[in-house]
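Below you'll find the structure, written out as structure tokens, and then a few comments.
Only the coordinates and a few stated rules stand behind these numbers; no lab work does. Treat the numbers as computed from the prediction; the structure is a model and nothing was measured. Quick reminder, even Gly has a Cβ in these numbers, built from the backbone with ideal geometry, and neighbours come from all protein chains shown.
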Amino acid sequence: MSLVRWSRPSWARAPLLQCCRQVGARQPRRSLHLAPPFLLDDYIPRYQLLSSIEASKKRSRAYAHLSNCNLCPRLCGVNRYETTGVCLVGADVKVNVIAPHFGEEPCIQGHNGSGSVFFSGCNLRCTFCQNHDIAHQRNGFDLTPEQLAEWYIKLQDTGGVHNINLITPEHVVPQVALSILAARDMGLTLPIIYNTSAFDSLDSLELMDGLVDIYLPDFKVWSTNASRRLLKAVDYAAVARESVQEMQRQVGDLCFTADGIAKKGLLVRHLVMPGKEAEAEAEAIMGFLADQVSKDVFVNIMEQYRPAAHVGKPRKERQRRRQVTEPGGMQREVVEDDETHVRYAEINRPVTEQEVSSVRKAAERVGLWRFNDPPKHDGFAI
């Protein structure tokens, strides 16, 4: 005799489903809104895992680079105990501001702020620099690596910040490495953020490997022409591509603990610039991130560009010559002031919503999906 499996008709299942829903409704529902591959149960900073031998080797390399400075792509080769190179900073770091900072991505600043250290000086000369009073000038106070480490501890113990955020560290990598190792011995337990323009050499990133938990590069432009004209560094784009790939290799995609705070990984920023050429460059950058880095890379498409630094300033030559035709057909040359002729006129305006939207759509077309958007729930955008 064959057995026939009886299937409960839909009208008979309805009361059972209703009962299950009522039981389930009594249970508290918890939704973390987290993508599981990027969720960490706990996190120990990478510098805590270095052996004493590895730490000693990094200290020795840092001191050697200060004696013959060749870590940054500028390759100045100077002895920073005696003089300075392009960055204008010697053996000690020059710091402009140290404080909890609430102007970063929500997953970086959290509720207590990011422990930000704004270094003075820079190895780039961006014509539109939003922090030109810090980056292009030597404003601030000098600190040894050990004194800098003490500030990390103050930010941790007194400020209660979520991380130590090193802003524009490309030109002070040896001192930063020494400060992190010193702070480790003093009791630092916070993740380290390397907040950079992406104009980093592979040698400097190798020195920082094992010391940095989150890399936060700003990929600015794509072409050689834009690098030369706007950043005063012909090789910026090539260096940035190489640097971002190395950062991804070291720390992987951005990951969070259940409180929504980023602990390790790569977060790439791109400041949208005005103009069609800038849009095309942004599309190339997004394509590179998707194809050569990771489709899961966390991206912040920033819209806060404004004319700053040298943009919109009058040219040094403020006169123009033009030919004027007199009655009777005679021509003569007229020299007159040109009040409208300004520097970098093509980027002398804020960006539009359409330009920002265009970059976002380009990123989505190539498969990127993790963006720094306002969350659709109570919590951080992760």
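Applying the Karplus relation 6.51 cos²θ - 1.76 cosθ + 1.60 with θ = phi - 60° to region 92-103 yields 3J(HN,Hα) values of 8, 7, 10, 10, 8, 9, 10, 5, x, 10, 10, x Hz, where x marks Gly and Pro. Across region 275-292, coupling constants 3J(HN,Hα) worked out from phi with the 6.51/-1.76/1.60 Karplus curve, θ = phi - 60°, read x, 5, 5, 5, 4, 5, 5, 5, 4, 5, 5, 5, x, 4, 4, 6, 8, 10 Hz, and Gly and Pro carry x.
Cross-link reach is defined here as a Cα-Cα straight distance under 14 Å, omitting same-chain residues fewer than 8 places apart; for Lys94 the aspartates and glutamates meeting it are Asp133, Asp142, Glu146, Glu170. Once the gyration tensor of the Cα atoms in region 214-260 is diagonalised, the equivalent ellipsoid follows with semi-axes of 28, 11, 6 Å, ordered largest first. Here each label is just a point 7 Å from Cα along the line to Cβ, and for Glu82 and Leu49 those points are 4.1 nm apart. Applying Stokes-Einstein at 4 °C and 1.567 mPa s to the Kirkwood radius of region 124-168, computed over alpha-carbon pairs, gives a translational diffusion coefficient of 103 µm² s⁻¹. Maximal additional length on extending the Ala238-Phe102 stretch stands at 45.8 nm, based on 0.36 nm per residue less the C-alpha distance. Each part reduced to its alpha carbon centroid, region 137-208 and region 241-315 end up 21 Å apart. Other residues within the sphere of radius under 15 Å centred on the Cβ of Val176, judged by their own Cβ, net out at -3 (K and R +1, D and E -1). Under conditions of 10 °C and 1.306 mPa s, region 72-171 yields 110 µm² s⁻¹ as its translational diffusion coefficient, taking Rh as the Kirkwood radius over Cα pairs in the Stokes-Einstein equation. Rg over Rh for region 193-243 works out to 1.01, both radii taken from alpha-carbon positions and Rh defined as the Kirkwood radius. The Rg/Rh ratio of region 130-264, with Rg taken over Cα atoms and Rh as the Kirkwood radius over Cα pairs, comes to 0.98.
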